[in-house]
Amino acid sequence: MQTNEEKIETEVVEEKKVKLYNKDSIKFFPAGILLKDISKPEITEVDNHILQLIDTLKTMVIDFNAFGLAANQIGEEEPIVMINADFKGIMINPVITQQSNEIKSIERCLSFPGVEVTVKRFNNITVQYLNEDFEEIVQDFDGTNAIVIEHEVDHINGITFYKRASAVDKPKILRKLNKAKRVINRNFK
Ligand SMILES: [Zn+2]
């Protein structure tokens, strides 16, 4: 039997799944590549594989209507993220060099369908990265831009928001995630 809350949640997952999960492209927690630090080696030159990966990240972030996407979420090991908040752009080799003003953030993640997690983030950050034209950038961000960048840079450091969640929330996260995975699997047999 489902409680109303569970039923609604399942329906939301079912409604979204056709659009979101009709390809086997997004890696779900706890896939090994999500737990792997892919920040090194840094990318030092652009080749066809990198160009194709950038293109795929840009397309998928739009298709999935996501705030951001990291390369390891689609099974690739290059340190590249796509940010799709107010700031939109590719970040290659991104490193957060400064952070301040801790805040609480409620987040979702394509690798955790059906799950919402409250984590501590910083409202103000400085990021060093290469843009799509391979120019070295040092840039300040705040608010949602900062939070999304922190979430995506975490991904390429092998850190999911599960790791940052409270001990109380962790079992709930796994329960909801497993339920959503069952719905997705059932509908794509
Ligand atoms: Zn994520």
TODO: Say whether the condition of being at pLDDT below 85 and in a loop (DSSP other than H, G, I, E, B) is met by at least one residue in region 4-19.
DONE: no
TODO: Take the residues in region 102-113 that are within 16 Å of the ligand (Cβ to nearest atom) and not aromatic (Phe, Trp, Tyr), then tell me which one is surrounded by the fewest Cβ atoms within 10 Å (Cβ to Cβ).
DONE: 106
Task: residue 140, sole failed condition from (1) surrounded by 13 or more Cβ atoms within 10 Å (Cβ to Cβ); (2) touching a helix residue (DSSP H, G or I) at 6+ places or on another chain (Cβ under 9 Å); (3) modelled with pLDDT of 95 or more; (4) not hydroxyl-bearing (Ser, Thr, Tyr) - done: (1)
TODO: Among the candidates 156, 137, 125, single out the residue that is of a type outside the set (Ser, Thr, Tyr) and either within 12 Å of the ligand (Cβ to nearest atom) or over 26 Å from residue 50 (Cβ atoms) (or both).
DONE: 156
Task: Sole exception among (1) surrounded by fewer than 18 Cβ atoms within 10 Å (Cβ to Cβ); (2) touching a Lys or Arg at 6+ places or on another chain (Cβ under 7 Å) for residue 150, by number - done: (1)
TODO: Test residue 149 against the criterion of being within 16 Å of the ligand (Cβ to nearest atom) and not in a helix (DSSP H, G or I), and give yes or no.
DONE: no
Open item on the list: So residue 99 passes all but one of these: (1) within 14 Å of the ligand (Cβ to nearest atom); (2) of a type in the set (S, T, N, Q); (3) surrounded by fewer than 16 Cβ atoms within 10 Å (Cβ to Cβ). Which condition number does it fail?
Closed with: (1)
Open item on the list: Looking at 124, 93, can you tell me which residue is in a strand (DSSP E or B), at positive phi and not hydroxyl-bearing (Ser, Thr, Tyr)?
Closed with: 93
TODO: Restrict the check to region 77-90 and report whether at least one residue is among the basic types (Lys, Arg) and touching an Asp or Glu at 6+ places or on another chain (Cβ under 9 Å).
DONE: no
Open item on the list: Looking only at region 152-173, count every residue that is over 25 Å from residue 81 (Cα atoms) and of a type in the set (A, V, I, L, M) and tell me the total.
Closed with: 2
TODO: Return yes or no: is residue 116 within 16 Å of the ligand (Cβ to nearest atom), under 26 Å from residue 177 (Cα atoms) and without any contact (Cβ under 8 Å) to a residue 12 or more places away in the chain?
DONE: yes
Task: Every residue from region 38-76 that is among the charged types (D, E, K, R), more than 16 Å from the ligand (Cβ to nearest atom) and either under 13 Å from the mean Cα position of the chain (by Cα) or farther than 12 Å from residue 92 by Cα (or both) - done: 47, 55, 58
- [ ] Please work out which one of (1) at pLDDT below 90; (2) within 17 Å of the chain's Cα centre (by Cα); (3) not aliphatic (A, V, I, L, M) is the condition residue 29 fails and give its number.
- [x] (1)
Task: Selection count where residues are over 19 Å from the mean Cα position of the chain (by Cα) and of a type in the set (Gly, Ala, Ser), scope region 157-188 - done: 1
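The values are calculated or read from the model by the stated rules, or taken from the named source; none is laboratory data. Source: prediction; values computed, not measured. Don't worry about glycine lacking a Cβ; one is built from the backbone with ideal geometry, like all the others, and counts go over all protein chains shown.
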